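The values are calculated or read from the model by the stated rules, or taken from the named source; none is laboratory data. Because the structure is predicted, anything quoted here is derived from the model rather than measured. Don't worry about glycine lacking a Cβ; one is built from the backbone with ideal geometry, like all the others, and counts go over all protein chains shown.
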Amino acid sequence: MKDEMSFGLWLKQRRILLGITQSQLAQHTGYSVSLIQKIEANQRRPSQQMAEQLTNILSLPDDQPALLQTLAAQQRLTPRHNLPIALTSFVDRVAEIRRLHQICEHTRLISLIGPGGVGKTRLAIHLASERLQAFPDGVWLVELAALGDPVLVPQAVAHVLGINEEANRSLEETLAAHLAHRQLLLVLDNCEHVIDACAQLVTLLLQSAARLNILVTSRTPLAIVWRDAIPSTTTSRSRCCHFV
Ligand SMILES: Nc1ncnc2c1ncn2[C@@H]1O[C@H](COP(=O)(O)OP(=O)(O)OP(=O)(O)O)[C@@H](O)[C@H]1O
Ligand SMILES: [Mg+2]
């Protein structure tokens with residue numbers, strides 16, 4: 001019987017041979033991990049453009065360190081994020097990460113809701129780092145845990161994005177104007193104690209910026225009815241959070 005090599009099988013073998021993870025390949029190409037998984041499993045045919053891109057990347061010589069250095073150098077040349085480097089390895093959450101990647105394809109607002117210490121922030125940073133390539137204008141983490149006053153929420157976001165207040169308009173309006181044509185992911189972390197201010201800003205920014213995506217972590221949900229909202233998927237409390 002003829003032993004045929006499918007594109008998916010070739011992709012998987014080359015990727016493993018070069019020591020690249022699905023996640024690294026996803027980051028480098030801008031495609032989602034789930035899409036790469038489906039192509040490798042022959043559940044999805046790549047477009048011609050995607051097949052050419054993947055072929056070009058994976059047809060490099062079998063020089064694993066060189067390729068990884070190239071990938072790392074490209075990341076360094078485009079420092080489009082302020083995500084912290086994790087000091088411990090990320091464990092478990094495989095199902096959540098896969099589900100979140102799927103959800104990211106369909107909605108611009110995701111909230112990770114759950115009790116303190118359950119892993120919301122860690123999961124958000126991990127997910128955000130896996131989606132860097134999807135956002136040419138960057139992935140920006142705004143840590144709100146230490147913020148004392150809800151009035152300061154817009155300032156905290158503006159500070160991270162390097163946006164200054166402008167004459168004759170509020171900082172919220174300035175933010176909305178600056179983000180209007182940007183394709184970026186904003187991660188608002190630990191919103192629970194400034195939840196109403198966050199809900200207000202998130203609503204304004206999502207309405208003003210069509211390619212803006214927002215990932216929220218909070219112990220309590222934001223009171224927002226977002227038209228693209230997906231049904232909640234509740235996971236067990238000990239495992240993590242639910243997505244809203
Ligand atoms: N998947 C994971 N792999 C490794 N460590 C994790 C993971 N999830 C959480 N942790 C660790 O557990 C601790 C608590 O996680 P995290 O800060 O993300 O919780 P949280 O839900 O955001 O809590 P809070 O509501 O207090 O902000 C952190 O030290 C974090 O690094
Ligand atoms: Mg947190």
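Values computed for the structure shown
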quantity: Every pair of residues 6+ apart whose Cβ atoms lie under 8 Å, when the first sits in the range 203-217 and is assigned by TED's automatic domain parsing to the domain that holds L188 while the second is of a type outside the set (A, V, I, L, M) and in a helix (DSSP H, G or I); calculated: L204/E172; N213/C104; V216/C198; T217/K120; T217/T121
quantity: Residues of the range 13-30 that turn out to be within 13 Å of I97 (Cβ to Cβ) and in a loop (DSSP other than H, G, I, E, B), as a count; calculated: 1
quantity: Condition met for I103 (without any contact (Cβ under 8 Å) to a residue 40 or more places away in the chain, under 16 Å from the mean Cα position of the chain (by Cα) and either part of a loop (DSSP other than H, G, I, E, B) or away from ligand 2 (no atom under 16 Å from the Cβ) (or both)); calculated: no
quantity: Per-region count, the range 162-206, residues within 16 Å of ligand 1 (Cβ to nearest atom) and outside any loop (DSSP other than H, G, I, E, B); calculated: 8
quantity: Unique residue being modelled with pLDDT under 80 and either of a type in the set (D, E, K, R) or closer than 28 Å to H159 by Cα (or both) when the list is Q75, Q64, Q69; calculated: Q75
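Residue-by-condition table, conditions (1) more than 16 Å from ligand 2 (Cβ to nearest atom); (2) of a type in the set (A, V, I, L, M, F, W, C); (3) at pLDDT 90 or above; (4) not assigned by TED's automatic domain parsing to the domain that holds L161:
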| site | (1), (2), (3), (4) |
| --- | --- |
| L83 | no, yes, yes, yes |
| A86 | no, yes, no, yes |
| R108 | yes, no, yes, no |
| V118 | no, yes, yes, no |
| I125 | no, yes, yes, no |
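Here's the yes/no breakdown for (1) assigned to a helix (DSSP H, G or I); (2) at pLDDT below 95; (3) more than 13 Å from ligand 1 (Cβ to nearest atom):
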{"site": "S129", "(1), (2), (3)": "yes, yes, no"}
{"site": "D137", "(1), (2), (3)": "no, yes, yes"}
{"site": "V142", "(1), (2), (3)": "no, no, yes"}
{"site": "A158", "(1), (2), (3)": "yes, no, yes"}
